[in-house]
Amino acid sequence: MTDPIIQTIYNAVLEGDRPRVQQQVKQAIEANLDLALVLNEGMIAAMKEVGDKFSCGEYYVPEMLISARAMQDGLALVKPRLMESQIQSAGKVVAGTVKGDLHDIGKTLVCMMLEGAGFEINDLGTDVAPEKFVEVVATTQPNIVAMSALLTTTMPNMQATIRALEKAGLRDKVKVIVGGAPVTEKFVQQIGADGYAPDAGRAVALAKSLVG
Ligand code: B1M
């Protein structure tokens, strides 16, 4: 049976109740609950239901936004706990949600987990144009470019970014990893990325394998 605190977090994210999310996440941390469960069964599962409710017309954009803000508050509280003390950098990552796409929760989670695993993160935020990725790769020389897309309509901008890196002569200097709900392994092969991960935990394993 799900822990009652996790169940309350789930309900609070679903209802977009920010104070309750904050209060319950603090309680979960104090009670030393498994943070992977808090994230997966509390927050991520609730966001999935928010999406399902949107699909069937029960929720509209404002409800999605309110739930997203509540989840972000919860993530901010969990973040310090996910950070391990790392002495040596595991590598540099430039991350962003691709052009036209404003979804940032999954990307933020991926960045948090990578940071916790010792990577230096340069998070460019959302709606990041291919030219912006190119500019930052040219000036900061990261090991990895990490792109997220949540919309089928913005997925092609991953390919546009890879092409822009090629055109700038930078493609062979970085590994490109991609993810987000609509992204598949097949798509990754089509666009010529170096790897795909279905969730934040596996994004860390992928990043480590590519720089190792
Ligand atoms: Co939007 N939205 N949304 N939305 N939204 C989805 C994605 C949707 C599936 C909902 C639905 O219809 N059921 C649908 C997309 C349909 C499609 O294209 N296939 C959709 C739509 C249609 C839209 C709008 C077009 C709605 C409209 O305006 N009519 C609009 C588009 C705006 C835009 O981007 N230009 C829109 C807007 C919004 C809000 C702004 C209201 C809000 C986002 C707020 C924010 O992010 N700050 C929002 C939300 C919250 C959602 C849902 C409900 C939740 C997304 C989320 O945060 N999930 C979403 C439904 C769903 O996903 N079921 C939906 C939690 C997060 C932890 O999961 O991001 O998948 P996720 O990340 C995962 C993995 O994918 C992976 O790791 C994470 C978990 O460990 N991952 C990576 C992600 N990036 C990775 C990168 C990697 C590796 C792994 O390597 C680099």
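The values are calculated or read from the model by the stated rules, or taken from the named source; none is laboratory data. The structure presented is a predicted model; accordingly, all values stated were derived computationally and were not measured. Note: ideal-geometry Cβ built from the backbone for every residue, glycine included; neighbour counts use all protein chains shown. For accessibility, only protein heavy atoms count, side chains too; no ligands or nucleic acids. Shrake-Rupley method; radii C 1.70, N 1.55, O 1.52, S 1.80 Å.
Once the other residues with Cβ under 15 Å from the Cβ of residue 57 are scored (Lys, Arg +1; Asp, Glu -1), what is the net sum? Numbers along the way, then the final one.
Numbers: positive: 53; negative: 49, 52, 58, 63.
That works out to -3.
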Label model pair residue 58, residue 89: point-to-point distance (7 angstrom along the Cα→beta-carbon line) in nm is 4.6
Please list log₁₀ I(q)/I(0) at q = 0.16, 0.18 Å⁻¹ for the chain, using the Debye equation with identical point scatterers on the alpha-carbon positions.
-1.06, -1.25
Shape parameters for segment 4-84, alpha-carbon atoms, Rg then Dmax in Å:
12.1, 41
Mind listing the phi-derived Karplus ³J(HN,Hα) values for segment 110-121, rounded to whole Hz, using 6.51, -1.76 and 1.60 with θ = phi - 60°, and x for any glycine or proline?
4, 4, 4, 5, 5, 4, x, 8, x, 7, 8, 10
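Find out how many positive minus negative residues lie around residue 121, taking Lys and Arg as positive, Asp and Glu as negative, among other residues whose Cβ is under 10 Å from that of residue 121.
Values: positive: 92; negative: 115, 120, 123.
My count for the surroundings of residue 121 gives -2.
If we count every other residue with Cβ under 12 angstrom of residue 175's Cβ, Lys/Arg +1 and Asp/Glu -1, where does the sum land?
Neighbour charge sum, excluding residue 175 itself: +2.
At 1.4 Å probe size, with the rest of the protein present, what percent of the exposed accessible area of the chain is carbon and sulfur atoms? Write out the running numbers ahead of the final one.
Details: 5650 of 10740 Å².
Of the solvent-accessible surface of the chain, carbon and sulfur hold 53 percent.
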Rounded FRET efficiency, nearest 0.05, which uses the C-beta distance separating residue 35 from residue 208 and R0 of 25 Å
0.80
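Restricting to Cα pairs below 8 Å that are 6+ residues apart, what does the relative contact order work out to for segment 4-84? Please round to a whole percent.
Working: 87 pairs, mean separation 34.4, N = 81.
The normalised contact order for segment 4-84 reaches 42 percent.
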Set the Förster distance to 25 Å, then compute FRET efficiency between residue 199 and residue 26 from the Cβ-Cβ distance, nearest 0.05.
0.55
Stretch gain in nm, segment residue 131-residue 65, where the contour uses 0.36 nm per residue and the Cα spacing is subtracted:
21.0 nm
To make sure I understand the rule: partners must be lysines, Cα under 20 Å from the Cα of residue 173, and not fewer than 8 residues away in the same chain. Which ones qualify?
92, 132, 208
Folded to 0 to 90 degrees: helix 18-30 orientation relative to the chain principal axis, Cα
90
Label model pair residue 122, residue 172: point-to-point distance (7 angstrom along the Cα→beta-carbon line) in nm is 2.2
Length-normalised contact order of segment 1-153 in % [C-alpha pairs under 8 Å, at least 6 apart]
22
Can you give me the relative contact order of segment 91-211 as a percent, contacts being Cα pairs under 8 Å and 6 or more apart?
29
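Write out the GluC sites (Glu not before Pro) in segment 9-72 meeting two conditions: DSSP loop, and at most 11 other Cβ atoms within 10 Å of their Cβ. Before the final figure, lay out each step's value.
Details: sites: 15, 30, 41, 49, 58, 63; in loops: 58.
Answer by residue number: 58.
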